[in-house]
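Notes to accompany the following structure.
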Amino acid sequence: MKKLLCLLLVVSSIVGLSACHGKKVERGQNPTSLVTNFEIPEKFDTSRKFEISFWAKNDNNSTQRDIYAKAVADFEEVYPNITVKLKLYNDYGDIYKDVITNIPTNTTPNVCITYPDHIATYLTGADTVVPLDDLLYDPAYGLGGSGVKFDAPKTEEIIPQFLSECSFDGHYYAVPYMRSTEACYVNKTYVEKLGYTLPEVLTWDFVWEVSEAALEKDAVGNFAVNGQKVMIPFIYKSTDNMMIQMLKQKNAGYSTAAGEIQIFNDTTQSILETIAVNAKDRAFSTFKIGGYPANYLNAGQCIFAVDSTAGATWMGCDAPLIDIAEEKLIRFETVVMPIPQFDTEHPKMISQGPSMCLFNKEDPQEVLASWLFTQFMLTNSVQIAYAQTEGYAPVTSKAQKSAEYLDYLNRSGENNDLYYNVKIDATKLLMDNTQNTFVTPVFNGSTSLRNAAGQLIENVTKMVRRGKDVDYPALYDEVTSLYHLDEIVVKKEGPLPNGAVLLFIGLGICWFSILVSVTFDKYKKRSKKKQEKY
Amino acid sequence: MKKIIALLLVVCMVVCFAACGKKAETPADTKATDATESLKQPDEKKVMTYAEYAAAAIDAEVVVETYVQANQSWWEDKITVYCQSQDGAYFAYELKCSEEDSKKMVPGTKIRITGTKGEWEGEVEIMDGTFEFVEGDTFVAEAFDATDLLGTDDLIKHQNEKVAFKGMTVEKVAYQNDQPGKDIYVTLGLAEKSYDFCVESYLTSPESDLYKAVGELDAGDVVDVEGFLYWYQGANPHITNVTKK
């Protein structure tokens, strides 16, 4: 009986332990979501017709739209049994919203342009996004595989840093499509008119100082530097990026990879206090409050305009894309510089840009068709053409090192269209600083944290403009509540989960009880023997 | 004794497994409901006339009573509303609004808006606003014929109003992203000058008759249009009605 009890306990313990480890739930994922139902078919069925959907983003740029359309047409020529239905957006957020809306009805696209942050949310649905680990390296249908009917890059030809940005929770859920960073587009003419010389590396102190200097007015109330009624010296397009990069440059907390929120710290407050001073003076503003940095820059109403390198074709008085009336445009020299830095020896800037993910479908052949199309978007013809439309960098070394692309870079300034110097300078900025780029951790809730980071700057800017004092603890509470940051579940990667701790305590009690039981039995036997002896 | 120990062990195991099986907490909801809670205005403020509103500085607190003329689609507890009173018009951008209240935002409805005056790319608007319904009269504006003001400095005095432009010649109709579903950019000509108009898809959805009618216009067509005098780097009316001549 005792032996049976012990055996039962041992078996129970083993089962209990294995159950605990085997069913560890990753935050934001169903336990089964890592085990996709998708299996790579042995052979792609070219006898069947497939219609796949591709939701893509463009930057209000008709050339980009044309390139998407050409890519689809070229792909359909290689695979006549696949039809690609293209749906275009101008905003990553709109794609995200539409995908979220379509997950419950299982009407997601086959392929979509995305940010890894968004994928973390998509993964809260069961088996939604296809993990690409196996697909990337499949001998037949992996990148550049033997079964692929076009000249696709090999996996090792994707810039490793860009590919790694698509990996989280130990799996690849996307492949990069294009990469960009942020740049500061500077009106050099006005900087020098104010008596300053641009440093080799732009610093925050320099930008704040010049911005304050630009607020000086003449006798009739116009700004002295431009002779106009309007001058916002420093405008930032994406304030979420602004806060994220400033914190990174200061080596201050933002979040851990596990999703622990660290943004509400002393450095954040110090950054916000500096912003508040400059916003109150109207030396600083944001896109959300006033409008596009490019429009102010091109009208001579802004000196430092920070926006994506993917917005370079809108920047400068010779820009191919201009959104203001001709009579408002003024002549000035535009210089493209990395965003301002705190430590000029160790510059840091964000890596951003579109990636592509695949959604799982019941038919693995359909998923394979969408994977083939995704690969096609990485071919040189698409990569080079699309990268040339803005200050993007191709994501493959195959494209970056191609003679065609190097020739493009070398022809900077030949005209103000394809070879627009500001655009090519922006691209070079990224290619020269790829090692200085970073991304933020991806987890379910990282999109909310990003939004919160920008909201801090937006709210502080609005408050001081409206003559209000900033109560930082109240601001943090408000932003925490607004973006549900207190509901983000932190992954437990270090200490054991509470359940496991309880299990071990329980097992300890079990083994202790067994020990007591055995000792008690032995004591009883000895007592019995003694009684028999005497 | 053995029975007691066995019972104790079983209880321990049950407790342990129950602890192991505890559900993970719900992932964070990424939905943001109100981005400007700390920027809310006090409830009781003096209601401004349009003249007082127009004279107020950018970033000033404003309170106006006005009438809903139209609204863009409700999203995440926010709604963007075109409003007009007898003395002037307002554009209230992303008013905090429940879905239930959004259904009551029908033309003519009187509301009191409290917010901050802002300017985005030339469009003067009420930002970070809240509102309440005001019982009483209703008012639906007639379109003001602003044809003669096109290209003049006086046009901006009618910003956000319901306006009409007559006898315009269609020069170009282009879908955003070159495909139906989003905004339509319309260029209309008059007396050898071109003017930008827009069919704002959040105001007049792709399913609306107006959206379809504009999409079917050809260069050279002569039209009368009505809409709200929105501003983006200059006049950029949001079309609500088109009549082909």
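Assorted remarks:
- Note on B:Lys193: aspartates and glutamates with a C-alpha under 19 Å away, same-chain residues under 8 apart excluded, are A:Asp323, A:Glu326, A:Glu327, B:Asp145, B:Asp148, B:Asp153, B:Asp154, B:Glu171, B:Asp218, B:Asp221, B:Asp224, B:Glu226.
- Between A:Phe50 and A:Ile82, A:Thr83, the built amide H atoms are under 5 Å apart, and every one of these is 5 or more places off in sequence or on another chain.
- Local net charge near A:Tyr92, Cβ-Cβ under 13 Å (Lys/Arg +1, Asp/Glu -1): -3
- Rg and Dmax of region B:106-245, based on Cα coordinates, read 15.8, 47 Å.
- Loop trypsin sites (Lys or Arg not before Pro), region A:200-248, which have at most 12 other Cβ atoms in a 10 Å radius of their Cβ (DSSP): A:Lys229
- Positive minus negative residues near B:Asp59 (Lys, Arg vs Asp, Glu; Cβ under 11 Å): +4
- For region A:129-173 versus region A:261-319, the gap between their alpha-carbon centres in whole angstrom: 37 Å
- In region B:70-102, the GluC sites (Glu not before Pro) that fall in loop regions by DSSP, at most 14 other Cβ within 10 Å: B:Glu76
- Under 5 Å between amide hydrogens, built in the peptide plane, is the criterion, and for A:Val129 it picks out A:Asn360 among residues at least 5 positions away or on other chains.
- Neighbour net charge for A:Phe438 - beta-carbon separation under 11 angstrom, K R +1, D E -1: +1
- In a DSSP loop and with at most 12 other Cβ atoms within 10 Å, the GluC sites (Glu not before Pro) in region A:134-242 are A:Glu200, A:Glu216.
- Tilt relative to chain A, helix A:204-213 - C-alpha long axis, 0 to 90 degrees, to 10: 30 degrees
- Once backbone amide H atoms are built at 1.01 Å from N, B:Leu95 has B:Ile79, B:Thr80, B:Val81 as its partners under 5 Å, excluding neighbours fewer than 5 places away on the same chain.
- Computed from backbone phi, the HN-Hα couplings of region A:214-219 come to 6, 7, 5, 10, 8, 5 Hz, rounded to whole numbers (Karplus: 6.51 cos²θ - 1.76 cosθ + 1.60, θ = phi - 60°; Gly and Pro given as x).
- Equivalent ellipsoid dimensions for chain A as semi-axes, Å, which come from the Cα gyration tensor, largest first: 52, 34, 18
- The ellipsoid equivalent to the alpha-carbon distribution of region A:84-241 has semi-axes of 47, 21, 14 angstrom, derived from the gyration tensor eigenvalues as √(5λ) and listed largest first.
Throughout, read-outs are computed from the coordinates displayed, never taken from laboratory work. Note that this is a predicted model, so its numbers are computed, not measured. Backbone-built Cβ (ideal geometry, glycine too); neighbour counts: all protein chains shown.
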